[in-house]
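Working notes, structure below.
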Amino acid sequence: MRLLIALVLAVPAMFVSLPAHAATPDGVTGVEVGESAVTITGTASGPAELYALDTWQDTHTGEAPVATVEAGEFRVEVPRMDGDQDRLYDKFIAVGAEGPLGEVHYADRLSFASTSQAPYPEMSGKKGLQVQMSDDAEEIGVQHAGINLALDSVMMAGPGDPGNTIEFVSQGQTYYFDRGAVAGLDAQVKPLSDNGMLVNLIVLVYNSTAPNSAARTLIHPEAELGKGTVYAFNTKTAEGEAHFTAAMEFFAQRYSRADGRYGRAWGWIVGNEIDAQQFWYNMGPQERDVFLEQYTRAMRLTWQAVRKADAAARVYTSLTHFWTGAANDDPKYTYKGRDVVDGLNALTKRQGDFDWNIAYHPYPENLFNPAFWNDKTATDSFDTMRITFKNIELLPRYLAQDHLTYGGERRRVILSEQGLNSQDYSDEELRLQAAAYAYAYYKVAFADGIDSFILHRHVDHKQEGGLRLGLWTWDAEHEAASNAGERKPVHEVFAGIDTERSLEVTEFAKEIIGISDWKDVIPGFDPAELAVRKPPTTVGVRLGAEPVAERVISGFETDTGGWRPSDNAAAVERVAAGDGHALRVRFDRDLPGWSQYAKSYKGADVVFGEPLDATRTSRLSVSIRVPENADDGFKPGNAFSAKIRVYGRDGAVAEGVGAIDPALGWNRLTLDLSRWAPREAISRVKVWVRGSVGSDWAGSYEIDRLSLAAAAVPSPDRRNIDVTAATGERGQVGSTVTFTVTNRDVLPMAGKVRLTSCDGVTVDPDALRVTGLRTGASRTFGTKLTAYEPADQEYPVVCASYSGQERRVTFRLPPEAGSVPPAPDAFANLELDDTFDSAGDYQVHRAEPENKELPQVTYADGALSAAHPSAGWFGLMSSSVSPRNPAFSTAITVRKFQGDSTDMDTVYTGLVKDGRTDVVAFYVNTQKFVGFEVRGPQVPGGLAVFGVKQGVSIPDGGRFALSLVGDRAAVYADTGSGWELVTAATLEHLPALSDPEVRAGYRYGFGVRGDAGAGPLQLDAVEGRSIS
């Protein structure tokens, strides 16, 4: 029960009268929250009572009024605090003799001072990334970052282990957070904000099964667990509201501290793609207005909690690329994006407006095809079906309409998640992805009203439905789903597009897109405005040099000297080392998996209270020691290296790389800053160390004796060069091996690098001319393999010698190509053969999570016909026959596609258990692509897609087949000249089909999917075969 303390003031002079033609609204019209009081204003047609309700409450019944007012205009002040309860989060309603007057009204003016008054950062560019590896993000110049904040993983239902629990008091109640999980989040956020990036947190809740997770309280009680990926926040119960509010207060305070101790966040995105709530903010079936009222509570609570802590941070809703279309046909599960924007605007203007903004996802209309400039459903009209990169300028134009503004200003727009796919890793597809990014970036860079373009993803993910959206390939040999493999061409474009190299790195894209000048397709394109960032300056590094009369900056003899963990590191600590002390950098706990991946730099840095002047002491040295056994158990060929970054005036950065040999113990690296003018004001130094192979490394290394000196005596027998080798073939004599030599030293190289046999491998030529190769430059050489008898057939070694130094250069052979299952005719046992001359014995299953209407199926004239007069439809059909053997093939013959479908027009063939469990291949006729899918409880998220291939056309009368042997699957098509291989892939999350009992639960089957009202989709035949 709330305290009945109120001061009622009659202040008619303070009201601005409405225009004569407008009726004065009855009820509460304004709520101002100050430092110690809440002021409620409004109009009552008669005596009324004012009630303060919690956000979750839907009625005032059982509550005591906080004030009574007489007829007319009123102004009421109540204390802001009601005991431990902060009325900032309350909504107010006036109730007269006949019931409520008007709607509830929340705070729409905040006049108290937020804890942080720091202004919102002004960024020089819009380039952003959903960051995985913060080290790589800094290297490629990310300015805007997106990070997931999954509340279920950090908030606990109750107290846990005292050593791993953070207690936090909100509204007089104590809540509990997992210290290790929070530290892991800090380890992502802090390096990004320390590196000058603007961090946006995407606030989510998953259905965690961890015993002490607060998920069960945080998830909306009407959510359908198991049917969505991400769930709605619980703003329907007192407990749910309290937990969510506490979580937002905890993180808003944590990530807005003046000292930046845990990192700094500026954006708060509430939920994900709420217009497709069935999948990405599941609240169960809801009418749109009911859904928006519940969702807006969460968005408003976030805004209120953030505003307590931070005056300038921004809060966003999240939308897909659908505008007047929706992700499916069920209006209780998915909504039109435009209707969501209009609905949110109308609701918040009625109930108390606040400055919410939009985080939009303008993916191409076909997520698998990055060529968005060909999108047909993205038009230059407010009635467009989708807003994609093709017509992205439409969104800020729509929001500029007066009735949609807040305080006369257009709501802010960021593009917080969108990616451009590479169908596979062929050169053609990789170049298309890179070209699409270049075009999209330029469009956004010159678009008014869009603040950032945050690309999704950093690294391709093996379980993202067959998409490859990253800047990096995944490491196919590592069990993790998204550890980085190799840089894709889009990585170089991303790194250079906002620098002086912008036009250079995007020149190739014009031919792919079909243009001759960017000005022809980018309104306002101005080459002079492209370079908004200056890349680091590469400086030479000497190995083992001896500084002369050095001045030690950090010696760690008394403390850690202000050093702190940085990228992919969890902690730093002072440890004994010989006769003195050193700094240990640890990355063995409280970190995401990719941080404990050897190829990721692990770092520590120090910020100086007063900048260092190195004008006369331009040799900066540091000693680094990696444990000698650190790479025991690594893949062959690992080499450790360190990168030192030095931050000078006006944001300038110098960096140098040096090899680290654990066998030497301490490795002394000396950077030559003599030609780098910003050395006169060094504000920060960072040390990074990494390995070179795709193995896990959860350990530590040590740093000592950071110093400045006027000179350094070079080691006579150590030159800082790097030699790597690669091949695209599997060790055949005569195949090509490419060597790359990089000079990391201070002096230019001269002479040759000689390649000799030390492992039964020789190449021709065996001498690589490197004269004139300057600091930071690389030179690539092609050689032919002349002998191949290595000790390890997968990891051959060649020895490279330069200037008296010899190093072993290991290169990895590409993995053997996977086997391709044969065409259907090779499967001898014909076990299902139906030409639909009569009604078949098939069960029709509603596919989940799509949950569309089932098709109306008829049999006539030797064909199965599927259609629905009024709704989009999707059915998976299972026969009564299971494959006799685990190696099987299924095929269908298509008599006629819908043809006039605008969305799916899709067929499936494979094994079907029910609507939630299958192993099938699919062909989407409208978009002309094929792929494989596996559904079932064993699949993360319930559905996984593999091996998508674009540009496939199967005509009416064509045949379509899936063959599966082990985990290798193939799609075959017969367009009139027999079976031809379309694509093959390795499938994951397969059921144990080798087990007869498991296999008996799966039946030969097929699927059909189409649009409402269009002509029927017709099949002529289905067959199923197996082979032992």
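FYI, it's all coordinate maths here, none of it is from the lab. This one's a predicted model, so the numbers in the text were calculated from it and none came from an experiment. Please note: Cβ atoms are built from the backbone with ideal geometry, for glycine as well, and neighbour counts cover all protein chains shown.
Only bridges with both residues in the chain count here: give the DSSP antiparallel percent, nearest 5.
85
Over 23 Å between C-alpha atoms is what I'm after, so list which of Lys127/Lys488; Lys190/Lys488; Lys390/Lys510 land there.
Lys190/Lys488
At R0 = 25 Å, how high is the FRET efficiency between Glu477 and Ala726 if r is their beta carbon distance? Nearest 0.05 is fine. Provide the component values of the computation, followed by the final result.
Details: r = 15 Å, r/R0 = 0.61.
After rounding, the FRET efficiency stands at 0.95.
For Glu816, what is the net charge nearby, where nearby means another residue's Cβ is under 13 Å from its Cβ and Lys, Arg count +1, Asp, Glu -1? Mind showing how you got there, number by number?
Numbers: positive: Arg730, Arg812, Arg968; negative: Glu477, Glu729, Glu794.
Its environment carries a net charge of 0.
Could you give the length gained by full extension between Glu997 and Ser45, i.e. 0.36 nm per residue of separation minus their alpha carbon distance, to one decimal place?
335.4 nm
Please list, or write none, the aspartates and glutamates whose alpha carbon is within less than 14 Å of the alpha carbon of Lys852, excluding same-chain residues fewer than 8 places away.
Qualifying aspartates and glutamates at Cα under 14 Å: Asp329, Asp330, Asp903, Asp905, Asp1011.
Which FRET efficiency value, to the nearest 0.05, is calculated for Asp448 and Val607 with the Förster distance at 45 angstrom and r the Cβ-Cβ distance?
Working: r = 36 Å, r/R0 = 0.80.
After rounding, the FRET efficiency stands at 0.80.
Counting only residues 5 or more places away or on other chains, whose amide H sits under 5 Å from the amide H of Asp310 once H atoms are built in the peptide plane?
Thr115, Ser116
Measure out, as a whole number of angstrom, how far apart the alpha-carbon centroids of region 207-240 and region 870-904 sit.
Using only Cα atoms to place each centre, the spacing works out to 35 Å.
Neighbouring Cβ atoms within 10 Å as the yardstick, rank Met248, Met385 fewest first.
Ascending number of Cβ neighbours within 10 Å: Met385, Met248.
Mind checking the full-extension length gain between Ala767 and Ser381? Use 0.36 nm per residue of separation minus the Cα-Cα distance, one decimal, nm.
132.7 nm
Quick check: pseudo-label points 7 Å beyond the Cα along Cα→Cβ at Asp967 and Thr209, how many nm apart are they?
2.0
How about Lys349: which lysines have a C-alpha closer than 16 Å to its C-alpha, ignoring those fewer than 8 places off in the same chain?
The qualifying lysines are Lys91.
With labels modelled as points extended 7 Å from the Cα through the Cβ direction, what inter-label distance (nm, one decimal) is found for Lys349 paired with Ser757?
With each label placed 7 Å out from Cα toward Cβ, I get 8.2 nm.
Just to confirm my numbers, what's the Cα centroid distance between region 798-847 and region 980-1018 in Å?
Here the two parts' Cα centres lie 16 Å apart.
Take Val505, Val490, Val552 and order them by how many other Cβ atoms sit within 10 Å, fewest up front.
Listing Val505, Val490, Val552 from fewest to most nearby Cβ atoms yields Val552, Val505, Val490.
Under a plain spin-label model, where a point goes 7 Å from the Cα along Cα-to-Cβ, how far apart in nm are Ala871 and Glu122?
5.5
Taking 0.36 nm per intervening residue step and subtracting the Cα-Cα distance, what contour gain separates Glu806 from Ala698 on full extension?
35.9 nm
Once R0 is set to 60 Å, what does the formula 1/(1 + (r/R0)^6) return for the Cβ-Cβ distance between Val548 and Thr902, expressed as a FRET efficiency to the nearest 0.05?
0.20
Exposure proxy check: His581, His458 ranked by fewest other beta carbons within 10 Å? Each step should come with its number before you reach the end.
Working: His581 18, His458 26.
Lowest to highest Cβ neighbour count: His581, His458.
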